[in-house]
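Undergrad: Just passing along the structure, written as structure tokens.
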Amino acid sequence: MTKLTSHCSPSSEDNNTWEGGDNHLTIAMAGNANVGKSVIFNELTGSSQIIGNWPGKTVEMARGRLHFEGCDIEVIDLPGIYSFSTFSLEELVSREYIAFEKPDVVVNVIDASVLERNLYFTLQLMEMEVPLVVCANQIDTAMRKGIVVDTEKLQTALGAPVVPTVAVRGEGLHELMDAIIEVAKDRSKVKKTRLKYGAEVENRIEKLTSFIKSKKLGLEYPLRWIAIKLLENDPEIKKLVTSKSEEVIRLSNSLAREIEDIHKEPCFAVINSERYALASRIAGEVQKQSDMEITFSERLDQLVTHRVFGYVTSSIVIGGLLLWTFLIGNLLSSLLSELFNFFQPVNPQVSGAIVSILWNGAFGGIVAGITLIIPFVIPFYLMLTMIEDSGILTRVAFMMDSAMHKIGLHGKALIPLILGYGCNVPAIYGTRILETRRERLLAAFAITFAPCSARTIVILGLVAVFVSIKWALALYVIDLFIILILGRIALKALPGEATGLIMEMHSFKVPSLSVVTKQTWTRTKSIVYLVFPIYIVGSAFVQGLYAFGVLGPINSFMSPLTVGWLGLPEIAGILLIFGVIRKEFILLMLVAIYGTNLAAVLTPVQFIVLALVGMLYIPCISTIAILVKEFGWKPATIISLANLASAIVIGGIAFRVLTLVF
Amino acid sequence: MANSDRLSENMEEYLETLYRLGQGKERVNTSSISENLSVTPASVTQMLKKLDKKGYVSYSPYRGADLTDEGLRIAKKITRKHKLLERFLYDILKIKKDRIHRQACEMEHTLSDESERALCQLLEHPDRCPDNSKPIPACDLSFSSCEECIKGKESDIGEVGKRNQNIVSIIDLKEGEKGKVAFIRGGHKVIRRLLDMGITVGTTIRVIKSAPFAGPVEIAVRGSKLALGRTIATNVFVEGVEMI
């Protein structure tokens, strides 16, 4: 079965997706959630996959490349999973990738501080008979927990190379690559250690395996694995085999019944327990747990899940992240604005040569970009990355679980919601960590109201600057209430059973400086590259339109709504139309048309209503696109219309109430 | 079928009340029982003495009574039958919420174990009664999961073994208490998810923390920490509970 390949070229019939060539290798990183696969992936390939200390960041495979000792290596980062049963999309995707694409080496990254749970997955990879290299990561965390892992012994027990690493510091990665290349060159390095289950189960697996073998079904998967999956009653594999041989199914059913009679438990549960028993035995043999004092991380854990302080820290994470962005951003933004005013005051130009008009608009766009993005986006992502990296998000999810049930979701849904403070798009993508489509829809709906950085810019640029900081902060509070209320309404519209929370709580980590800076840069970079051109072109475009008098008809067409119902100036029509592209345009266009002294154009009430409506009225075009991609046209349309309706209703009410206040 | 030392309906009501008032573990005083059952304190005392003699409660004058292991077993069973019947009356027969309690109270004493099991299967192993308050206790059959009970549908109730120990849901454990997983209630999916996370029968679970406001329970299992939502935690039952 094992093909010996010279050098590091895989045999071509094994690998039809790869374009071929001599020194090509494909390696896949597989393992539990949050063990450090993406960290290793980034270190190896120089990519910038988003990483963080919470389970489920990698929701889709990521690909990267690296050159190592003359080999051109493609690295695949698979989503973190606990098992190869097919209850989640990630599990199915990973399983099919490994079975069909047949990577040259599968690198199983395991968390050395949680050995038993991680080995359960290792055993499943071994069942799939993949060319395996085990990477025992977070050896340092294990040490801190008083756990010493004997990797030599583990290597003997598993029959596959085991390399200890501390990926965040890059330790052991060279050795890991050496081991990978070695296995790729010579698969016999991975011994076919058959880890045996208890005799009652093992004998039946073997019996079924040899029966399947005799039938010569020509299946992609290893036969022993097929046998185990049949006994486990795996629906996908059962369907596959049924189409080829009814006899195999009959034998497997009767063998499964025998196992059930002996163990008095469903067969899948028996195999499951056997696998865990084996994992537990190996873990027990290879690790030494010394008496553990209560670590700092444990103490911190007790504090952030304390019945009182837990809610305090959760509120700090949920609200403080916004507050921090806001206050720091405000400070930096005004500093930068003054700096620009010193060079050249930004005043709109509506007459003169076209080139001059456009240049003036473009310059306004550059200024807006610098004074808005840099002060807000950088501090926000800096803090978000630290929060993500520390592991506190899982604790917040734990504390807020019952509150999230009020909108039909469990605590884990809070994680993408908080990510939504930055940008709704990755947050909606992140809802993949939830179990059902219904829950993902509910979460995505809530996220479309989350105060993303673009909304923050609008709130700050309009309300904080021209009304008061207090009103700007009030808008955030109002927004959080709106999320809660509309979430309740959405729940009524989409009733159903809520899936319970099952979430691994990983140890706290001190965020690493290099990870935090790298990640902040990655995130800021993508915004800078995307947004600056849009700002500059858009700003110039609008000033051009304004100069040629195209805006008037559009504005007057929308005036019954904007002026009549919402009490805004007529110009709001065009602002809201452009705001669909990116919400900051609302502010940007206003400045492009009227210059920076907006107080002469809008009243305090209008500032607040415009910010409120701008915040709610529609998900921006990128968000709509991701909604369509993830859920289809119909839900995307319904969510967008719900946003619009809520903005019109709440905006109209706010106008009337605020007129009484001011 | 007839049990020689079968309790009277009245005695069963007492045990059920003791279970409800004491949350299955605390001592209950005479006056709150008399209030609850609307009988004089004197007759409560008399009955408690009688139950004490039979070994179902341990009673001490002026301090009230708590359930013995055997008393707890019976109390749980009656409570379970009561709540299953409430669900049946409400879900299937569509009887109004305010009327189900009294009717279930009368029916619970005559429901056989066989019907109890059939009812549980029909209702797809419910974990809460219609008013969504207290969880329904687990059955006393020696199954490790509901799936096993459903698979052995044709097996006679007499052939199914009884549990020899009381099992408790992990939401009833105090922080720091541990026990061995004995039974997982719920549908196929939940059971599979729990098994994949290493919550298999016989595994030791220690409760680290229980979040307030009916929040999740944090447990230590197989050297790692897991958060389980309240509903899921309600359905994980352990035996041999001890403090570490």
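Undergrad: Would a scan of the stretch B:211-230 turn up a residue that is crowded, with 21+ Cβ neighbours inside 10 Å and more than 10 Å from chain A (Cβ to nearest Cβ)?
TA: No, because not a single residue in the stretch B:211-230 is crowded, with 21+ Cβ neighbours inside 10 Å and more than 10 Å from chain A (Cβ to nearest Cβ).
Undergrad: For the stretch A:391-433, give me each residue that is surrounded by 22 or more Cβ atoms within 10 Å (Cβ to Cβ), more than 14 Å from chain B (Cβ to nearest Cβ) and assigned to a helix (DSSP H, G or I).
TA: Across the stretch A:391-433, the qualifying residues are A:Pro416, A:Leu417, A:Ile418, A:Leu419, A:Asn424, A:Ala427, A:Ile428, A:Gly430, A:Thr431.
Yes/no matrix, rows are residues, columns are (1) more than 9 Å from chain A (Cβ to nearest Cβ); (2) among the hydroxyl-bearing types (Ser, Thr, Tyr); (3) surrounded by 18 or more Cβ atoms within 10 Å (Cβ to Cβ):
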| site | (1), (2), (3) |
| --- | --- |
| B:Glu148 | no, no, yes |
| B:Gln165 | yes, no, no |
| B:Val181 | yes, no, yes |
| B:Ile191 | no, no, yes |
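Undergrad: Search the stretch A:369-390 for residues that are assigned by TED's automatic domain parsing to the domain that holds A:Leu321 and pair each with any residue that is of a type in the set (Lys, Arg) and not in a helix (DSSP H, G or I) when their beta-carbon atoms are under 9 Å apart and the residues are at least 6 apart or on different chains.
TA: A:Glu388/A:Lys57; A:Asp389/A:Lys509; A:Ser390/A:Lys509
Undergrad: The conditions are (1) surrounded by 18 or more Cβ atoms within 10 Å (Cβ to Cβ); (2) at pLDDT 70 or above; (3) among the small types (Gly, Ala, Ser); (4) assigned to a loop (DSSP other than H, G, I, E, B), and A:Gly56 fails exactly one of them. Which is it?
TA: It fails just one condition, (2).
Undergrad: List the number of the failed condition for A:Met503; all other conditions in (1) in a loop (DSSP other than H, G, I, E, B); (2) within 14 Å of chain B (Cβ to nearest Cβ) hold.
TA: (1)
Undergrad: Does the stretch B:92-114 contain at least one residue that is surrounded by 15 or more Cβ atoms within 10 Å (Cβ to Cβ), in the same structural domain as B:Glu12 (by TED's automatic domain parsing) and either acidic (Asp, Glu) or closer than 28 Å to A:Leu278 by Cβ (or both)?
TA: Yes: one or more hits.
Undergrad: Do we have A:Leu561 as in a helix (DSSP H, G or I), within 27 Å of A:Phe398 (Cα to Cα) and touching a residue at least 40 places away in the same chain (Cβ under 8 Å) here?
TA: Here the answer is no, as A:Leu561 does not meet what is asked.
Undergrad: Continuing with this model, one more query. Test of understanding: among A:Leu598, A:Leu566, A:Leu588, which residue is under 35 Å from the mean Cα position of the chain (by Cα) and aliphatic (A, V, I, L, M)?
TA: Unique residue meeting the criteria: A:Leu588.
Undergrad: Does B:Gly158 qualify as being in a loop (DSSP other than H, G, I, E, B), among the small types (Gly, Ala, Ser) and within 13 Å of chain A (Cβ to nearest Cβ)? If you could, list the steps in order and put the result at the bottom.
TA: Working: in a loop (DSSP other than H, G, I, E, B): yes; among the small types (Gly, Ala, Ser): yes; within 13 Å of chain A (Cβ to nearest Cβ): no.
So B:Gly158 does not fit the description; no.
Undergrad: Evaluate the following for A:Ile328: is it more than 30 Å from A:Met400 (Cβ to Cβ) and either assigned to a helix (DSSP H, G or I) or in contact with a Cys (Cβ under 7 Å, 6 or more places away or on another chain) (or both)?
TA: Numbers: more than 30 Å from A:Met400 (Cβ to Cβ): no; either assigned to a helix (DSSP H, G or I) or in contact with a Cys (Cβ under 7 Å, 6 or more places away or on another chain) (or both): yes.
No; evaluated as a whole, the condition is false for this residue.
Undergrad: While we're looking at this one, here's another question. Can you name the residue in the stretch A:87-120 that is away from every other protein chain (no Cβ under 14 Å) and buried (at least 23 other Cβ atoms within 10 Å of the Cβ) and, of all such residues, is farthest from A:Gln155 (Cα to Cα)?
TA: Ranking the candidates gives A:Pro103 first.
Undergrad: Being touching a strand residue (DSSP E or B) at 6+ places or on another chain (Cβ under 8 Å), part of a strand (DSSP E or B) and either within 14 Å of another protein chain (Cβ to nearest Cβ) or small (Gly, Ala, Ser) (or both): is that true of A:Ala136 here?
TA: Yes; evaluated as a whole, the condition is true for this residue.
Undergrad: Additional query: What are the pairs, 6+ residues apart or on separate chains, where a residue within the stretch A:583-599 that is closer than 11 Å to A:Gly538 by Cβ has its Cβ under 6 Å from a residue that is hydrophobic (A, V, I, L, M, F, W, C) and assigned to a helix (DSSP H, G or I)?
TA: Once the first residue is closer than 11 Å to A:Gly538 by Cβ and sits in the stretch A:583-599, its partners that are hydrophobic (A, V, I, L, M, F, W, C) and assigned to a helix (DSSP H, G or I) give A:Glu584/A:Ala454; A:Glu584/A:Ile457; A:Phe585/A:Phe578; A:Leu588/A:Ala368; A:Met589/A:Val542; A:Met589/A:Leu575; A:Met589/A:Phe578; A:Ala592/A:Val542.
Undergrad: In addition: State whether the residues of the stretch A:60-73 include one that is surrounded by 24 or more Cβ atoms within 10 Å (Cβ to Cβ), away from chain B (no Cβ under 14 Å) and either touching a Leu at 6+ places or on another chain (Cβ under 8 Å) or part of a strand (DSSP E or B) (or both).
TA: yes
Undergrad: Still on this structure: Residues of the stretch A:616-639 being surrounded by fewer than 19 Cβ atoms within 10 Å (Cβ to Cβ) and either of a type in the set (Gly, Ala, Ser) or outside the structural domain of A:Val580 (by TED's automatic domain parsing) (or both), which ones?
TA: Within the stretch A:616-639, A:Ser622, A:Ala625, A:Gly632 qualify.
Undergrad: Within the stretch A:129-160, track down each residue that is of a type in the set (A, V, I, L, M) and surrounded by fewer than 20 Cβ atoms within 10 Å (Cβ to Cβ).
TA: Taking the stretch A:129-160 and keeping what is of a type in the set (A, V, I, L, M), we get A:130, A:132-134, A:136, A:139, A:142-143, A:147-149, A:154, A:157-158, A:160.
Result: A:Met143, A:Val148, A:Ala157.
Undergrad: Kindly indicate the residue of the stretch B:193-210 that is at the interface with chain A (Cβ under 8 Å from one of its Cβ atoms) and among the basic types (Lys, Arg) and also nearest to A:Asn32 (Cα to Cα) among those meeting that condition.
TA: Checking each candidate, the answer is B:Arg193.
Undergrad: Would you say A:Glu265 is free of Cβ contacts under 8 Å to residues at least 12 places away in the same chain and not in a helix (DSSP H, G or I)? Lay out the reasoning, then the answer.
TA: Working: free of Cβ contacts under 8 Å to residues at least 12 places away in the same chain: yes; not in a helix (DSSP H, G or I): yes.
When the stated conditions are applied, A:Glu265 passes them.
Undergrad: Which numbered condition trips up A:Gly284, out of (1) within 13 Å of chain B (Cβ to nearest Cβ); (2) under 30 Å from A:Phe41 (Cα atoms); (3) surrounded by 21 or more Cβ atoms within 10 Å (Cβ to Cβ); (4) not β-branched (Val, Ile, Thr)?
TA: Tallying (1) within 13 Å of chain B (Cβ to nearest Cβ); (2) under 30 Å from A:Phe41 (Cα atoms); (3) surrounded by 21 or more Cβ atoms within 10 Å (Cβ to Cβ); (4) not β-branched (Val, Ile, Thr), A:Gly284 fails exactly one: (3).
Undergrad: Collect the residues in the stretch A:167-221 that are out of contact with any Lys or Arg (no Cβ under 6 Å at 6 or more places or on another chain) and among the acidic types (Asp, Glu), keeping them in residue-number order.
TA: Selection gives A:Glu171, A:Glu175, A:Asp178, A:Asp186, A:Glu200, A:Glu206, A:Glu220.
Undergrad: Now for a different question. If I filter the stretch A:233-257 down to residues being touching a residue at least 40 places away in the same chain (Cβ under 8 Å) and either surrounded by fewer than 15 Cβ atoms within 10 Å (Cβ to Cβ) or at the interface with chain B (Cβ under 9 Å from one of its Cβ atoms) (or both), which single residue comes out as nearest to B:Phe183 (Cα to Cα)?
TA: It comes out as A:Pro235.
Undergrad: Restricting to helices (runs of 4 or more DSSP H) lying wholly in the stretch A:189-243: which have 3 or more residues that are over 36 Å from the mean Cα position of the chain (by Cα)?
TA: The qualifying helices (runs of 4 or more DSSP H) are A:199-215.
Undergrad: From the list B:Ile244, B:Ile199, B:Ile219, which residue is touching a residue at least 60 places away in the same chain (Cβ under 8 Å) and over 14 Å from A:Gly500 (Cα atoms)?
TA: B:Ile244
The values are calculated or read from the model by the stated rules, or taken from the named source; none is laboratory data. This structure is a prediction, so every number in the text was calculated from the model and none was measured. Counting neighbours? That spans all protein chains shown, and the Cβs are built from the backbone with ideal geometry, glycine included.
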